[in-house]
Amino acid sequence: MCFVGDARPPLPPIRRAAFDSRDLILAAADGTRVAAHAARAAEPTGAGIVILPDVRGLHPFFEELALRFAEAGVEAVAFDYFSRTAGTGKRGDDFDYQAHLPLIRHETLNHDVAASAEYLRSPEGGAVDRLFTIGFCLGGRASLVQAARPELGLAGVIGFYPFPTGAHRTGLPAPADLAARFSCPALAIFGGADQAIPSEARDEFDAALNAVGIEHRIVVYEGAPHSFFDRKALQYADASADAWRQVLDFMGVSPRRPS
């Protein structure tokens with residue numbers, strides 16, 4: 001499991017910096033109604049971000065993260081992987097996400113990302129002119145893979161503790177295997193003590209991107225585990241704060257002071 005049930009982003013709110021945060025339904029290209037949560041910036045920078053959650057789908061962690069992005073001037077939308085198999089309603093911490101994970105398909109996930117991107121480029125979503133993706137764990141891998149989709153016109157992709165190499169039970173391809181098809185910069189953030197992602201996997205991904213000349217950053221926080229980016233993980237507060245700065249800098253967005 002990536003986060004415990006009450007995990008939240010380790011980011012303080014910025015009062016009056018976001019003017020809207022709401023649930024919505026997106027229409028995917030295959031006709032599926034996809035649950036999502038969007039947040040609009042009061043002072044937009046022109047940047048937008050699609051948030052790809054961890055294995056639990058559209059958890060409150062990611063709804064709050066969308067709000068924190070909006071407070072930084074970034075229009076944001078987080079979508080739910082499980083709308084096709086579990087419906088579009090809200091779910092509690094007892095949701096059996098493990099039963100739905102094997103049903104995720106690369107093609108349909110791509111439909112959901114495209115629908116999210118279309119929303120952010122629409123007037124309703126903020127009409128952004130620079131679009132990024134960010135994901136965590138499973139979503140980190142899926143976010144990095146989006147760099148191999150030039151039709152999305154992405155300005156960059158970001159992955160927190162992604163799995164950059166090898167096979168995955170969902171069938172999502174490995175980002176390292178797609179490096180030659182990347183069409184935008186990438187930022188990958190890891191915990192140095194992540195037992196699930198060995199240093200060799202990070203090095204292989206780095207080498208694959210270097211081999212094809214893709215601009216990228218790989219940031220490793222020594223001693224930090226998988227899912228260190230959590231408000232309750234006070235011992236990793238410095239790593240979390242720096243990771244947030246890395247994300248905003250990668251996007252060309254200036255940090256704002258919390259209220």
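Within region 177-189, how many residues turn out to be free of Cβ contacts under 8 Å to residues at least 40 places away in the same chain and either surrounded by fewer than 21 Cβ atoms within 10 Å (Cβ to Cβ) or of a type in the set (Ser, Thr, Tyr) (or both)?
Residues meeting the conditions: 5.
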Problem set entry | Residues that are farther than 24 Å from residue 142 by Cα and of a type outside the set (A, V, I, L, M, F, W, C), drawn from region 39-57 | 43, 44, 45
For this session: Out of 125, 223, report the one residue that is at pLDDT 95 or above and either in contact with an Asp or Glu (Cβ under 7 Å, 6 or more places away or on another chain) or not in a loop (DSSP other than H, G, I, E, B) (or both).
Result: 125
Exercise. Which of (1) within 14 Å of residue 255 (Cα to Cα); (2) in a helix (DSSP H, G or I); (3) of a type outside the set (Gly, Ala, Ser) does residue 43 not meet, given it meets every other one?
Worked result: (2)
Seminar exercise, completed: (1) within 23 Å of residue 172 (Cβ to Cβ); (2) modelled with pLDDT under 95; (3) among the charged types (D, E, K, R); (4) crowded, with 24+ Cβ neighbours inside 10 Å all hold for residue 71 apart from (1)
Exercise. If we scan region 190-208, do we find a residue that is modelled with pLDDT of 95 or more, surrounded by 15 or more Cβ atoms within 10 Å (Cβ to Cβ) and within 17 Å of the chain's Cα centre (by Cα)?
Worked result: yes
Exercise. Restricting the search to region 209-224, which residues are more than 21 Å from residue 156 (Cβ to Cβ) and buried (at least 16 other Cβ atoms within 10 Å of the Cβ)?
Worked result: 224
For this session: Could you grab me the full set of residues in region 167-187 that are under 13 Å from residue 138 (Cα atoms) and modelled with pLDDT of 95 or more?
Result: 173, 174, 175
For this session: Only residues that are more than 15 Å from residue 229 (Cα to Cα), crowded, with 24+ Cβ neighbours inside 10 Å and not aliphatic (A, V, I, L, M): list them for region 38-56, please.
Result: 48, 56
Exercise. Is there any pair linking a residue in region 71-88 that is closer than 8 Å to residue 34 by Cα to one that is basic (Lys, Arg), with Cβ under 6 Å and at least six apart or on different chains, and which?
Worked result: 88/33
For this session: Tell me, yes or no, whether region 135-154 has at least one residue that is out of contact with any Ser or Thr (no Cβ under 7 Å at 6 or more places or on another chain), part of a helix (DSSP H, G or I) and surrounded by fewer than 17 Cβ atoms within 10 Å (Cβ to Cβ).
Result: yes
For this session: Being under 18 Å from residue 39 (Cβ atoms) and among the acidic types (Asp, Glu) is the filter; apply it to region 107-128 and report the residue that is surrounded by the most Cβ atoms within 10 Å (Cβ to Cβ).
Result: 112
For this session: Of the numbered conditions (1) modelled with pLDDT of 85 or more; (2) surrounded by fewer than 20 Cβ atoms within 10 Å (Cβ to Cβ); (3) part of a strand (DSSP E or B), residue 31 fails exactly one; give the number of that condition.
Result: (3)
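The values are calculated or read from the model by the stated rules, or taken from the named source; none is laboratory data. Since the structure is predicted, the reported quantities are computational estimates derived from the model, not experimental observations. Because the Cβ atoms are built from the backbone with ideal geometry, glycine has one as well, and the counts that use them run over all protein chains shown.
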